[in-house]
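The values are calculated or read from the model by the stated rules, or taken from the named source; none is laboratory data. Note that the structure is a prediction, hence the values are computed from the model and not measured. FYI the Cβ positions are ideal-geometry reconstructions off the backbone, even for glycines, and counts take in every protein chain you see. For the accessible areas, the whole protein counts, side chains as well, though only heavy atoms, and no ligand, DNA or RNA atoms are used. Shrake-Rupley method; radii C 1.70, N 1.55, O 1.52, S 1.80 Å.
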Amino acid sequence: MIFDCDGVLVDSERIANREFADLLREIGLDYTLPEMFETFVGNSMPRCVEIITERLGHAPPDDLLDRYSGRVAAVLPGELQAVEGVVGLLNALDHVGVPYCVASNGEHPLMAVKLRAAGLLDRFEGKRFSSADVARPKPAPDLFLHASGRSAVAPGRCVVVEDSPLGVAGANAAGMQVFGFADVMPEERLRAAGAHTVVRRLAELLPLLGLSTPS
């Protein structure tokens with residue numbers, strides 16, 4: 001089972017996009033939080049910089065991403081939590097011996113910060129994969145194929161949980177079954193991207209996967 005990180009394992013989307021919006025406002029771009037979700041969620045950081053450059057008409061400051069990472073790293077320990085239901089889902093997977101990993105368009109250092117703040121870092125030791133590891137980020141299938149290959153599981157036997165249309169599209173392109181998690185993203189956008197099933201709570205995945213909470 002392959003999990004996206006932001007918005008699936010850790011409840012970081014609102015926090016990170018709030019900080020990102022504040023930073024963009026300082027360089028002359030004004031986005032509401034819903035606009036941030038629509039524009040940036042699911043994209044790799046290099047792609048985010050491309051979007052910002054297109055909107056500004058010139059490249060943003062060289063230290064933009066370092067400033068963003070610093071701000072997010074400063075606020076996450078006090079605010080970030082694991083997404084509701086994720087611990088129970090991981091426990092159920094452990095109980096029946098189903099392997100799992102995380103595959104994120106985010107960079108490795110910030111991904112580790114987020115998982116540590118949510119108390120999940122140890123559960124994904126040696127099982128963290130980033131778009132920095134492959135040639136193309138989501139929505140290309142590269143990251144999902146890399147994760148399945150490193151996990152020694154055929155793509156057709158992988159199940160993916162994604163909360164962004166880009167991630168859903170990438171998992172579909174990799175030939176994997178995709179569950180959409182509709183928290184910050186509208187359900188219809190996940191279905192349009194190819195999510196086979198959409199849930200609003202992670203606990204809903206247990207019966208769909210034939211799992212139960214370990215006693």
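Quick notes
- Length gained on full extension, Glu35 to Ala152, computed as 0.36 nm times the residue gap minus the Cα-Cα distance: 38.3 nm.
- Evaluated over the stretch 151-213, the Cα radius of gyration and Dmax, each in Å: 11.5, 33
- Ordering 7-15, 76-84 by mean Cβ neighbour count within 10 Å, with the highest value first, yields 7-15, 76-84.
- The alpha carbon convex hull volume per residue for the stretch 22-112 rounds to 126 Å³.
- Relative contact order %, the stretch 19-124, counting alpha carbon pairs below 8 Å whose residues are six or more apart: 28 percent
- Excluding ligands, DNA and RNA, the accessible surface per residue across the chain is 45 Å² with a 1.4 Å probe.
- DSSP beta bridges fully contained in the chain are about 5 percent antiparallel.
- Gain on full stretching of the segment that runs from Ala192 to Ser212 - 0.36 nm per residue minus C-alpha separation: 4.3 nm
- Whole-number D in µm²/s for the stretch 66-167 (Stokes-Einstein; Kirkwood sum over Cα pairs; 10 °C, 1.306 mPa s): 108 µm²/s
- Pair-distance profile P(r), taking every C-alpha pair of the chain, with 10 angstrom steps and integer %: 8, 35, 38, 15, 3, 0
- Over 16 Å [Cα-Cα, the stretch 128-170], rounded percent: 30 percent
- About its Cα centre, the dipole of the chain is roughly 580 debye, where the only charges are +1 on Lys and Arg Cβ and -1 on Asp and Glu Cβ.
- Overall Cα dimensions of the stretch 107-208, principal axis frame, Å, largest first: 32, 28, 23
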